[in-house]
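For reference, the structure discussed in these notes is given below.
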Amino acid sequence: MRFAFQPKAALPPALYPSKPPRSALMYPQRYSQRLVASSATFIVPIAVAVCQNHWDFATLASLVLVTSLNHWRSPVFTSWRRRVDTTLVRGGTVYHLVQALKGLQLLPLLGFLSLTSVGASLYLMAIVYGQKGEHNRASLCHVGFHLSFVVGSCLLYCTLNPSPMDLPIPVALTVARLLPRD
């Protein structure tokens, strides 16, 4: 007896709801090398932040650089390196968005939000392609996510005016001495 509904082939292993094995790599080595290289481009926003006296952003971008390089050298799904990297990136994204909303004028804000949206879309596409086992496309989307972060951060740092707290300590102390006292 045949049923009217015949199930299609089983789900590919990447789409099973169970967790991947503890030692499972997210990408084969040749694709994770792309992500190490694109993570190295985070040095650009660090330099821009330092030149613009945004020490908070320079510190945050430096931490993202270190954790990203550490994760992508051996990208294991369930590693502490991945958890630290993703937690820092998510927190940093919120911090960047708050600072952009507080301090940018309309046109730079729209540019920054557009780049952030493109980056978020690429990140989600990388997840979908990764679940389908299309590691080449997934890694390319993730590289695009990294590069949108680099460009968006540079735009933010160049268009956001530094506050006295962002100035180097000796300059901030000098400015504080020059301000009128009540």
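Since every read-out is calculated from the coordinates, none of them should be taken as a lab result. Everything numeric here is computed off the predicted structure, so don't read it as measured data. Because the Cβ atoms are built from the backbone with ideal geometry, glycine has one as well, and the counts that use them run over all protein chains shown.
Exactly which trypsin sites (Lys or Arg not before Pro) in segment 60-146 are in a DSSP loop and have at most 16 other Cβ atoms within 10 Å?
Answer by residue number: Arg73, Lys132.
Show me, for segment 68-74, the HN-Hα J-couplings you get by feeding each phi into the Karplus relation (A = 6.51, B = -1.76, C = 1.60, θ = phi - 60°), rounded to Hz, glycine and proline as x.
For segment 68-74, the Karplus curve yields 5, 4, 5, 6, 6, 5, 8 Hz.
Please list the non-local residues whose amide H lies under 5 Å from the amide H of Val76, H modeled 1.01 Å from N, same-chain partners needing a gap of 5 or more.
Met26
Taking R0 as 25 Å, what FRET efficiency do you get between Val98 and Cys51 from their Cβ-Cβ distance, rounded to the nearest 0.05?
0.65
Under a crude label model (7 Å from the Cα following the beta-carbon direction), how far is Thr87 from Lys132 in nanometres?
The answer from the label model is 3.3 nm.
With θ set to phi - 60°, apply the Karplus curve 6.51 cos²θ - 1.76 cosθ + 1.60 along segment 31-40 and write out the HN-Hα couplings as whole Hz, x wherever there is a Gly or Pro.
With coefficients 6.51, -1.76 and 1.60, one gets 7, 5, 5, 4, 6, 5, 5, 6, 5, 5 Hz.
Ser117 to Thr78: extension gain in nm, 0.36 nm per residue of separation minus the Cα-Cα distance?
11.4 nm
Of Phe112, Phe42, how do they rank once you tally other Cβ atoms within 10 Å and put the fewest first? All intermediate terms of the calculation are to be shown ahead of the outcome.
On the way: Phe112 23, Phe42 20.
Final ranking by Cβ density, sparse to dense: Phe42, Phe112.
Scan around Asn53 for amide H atoms under 5 Å from its own, H built in the peptide plane at 1.01 Å from N, and keep only partners 5 or more places away or cross-chain.
none
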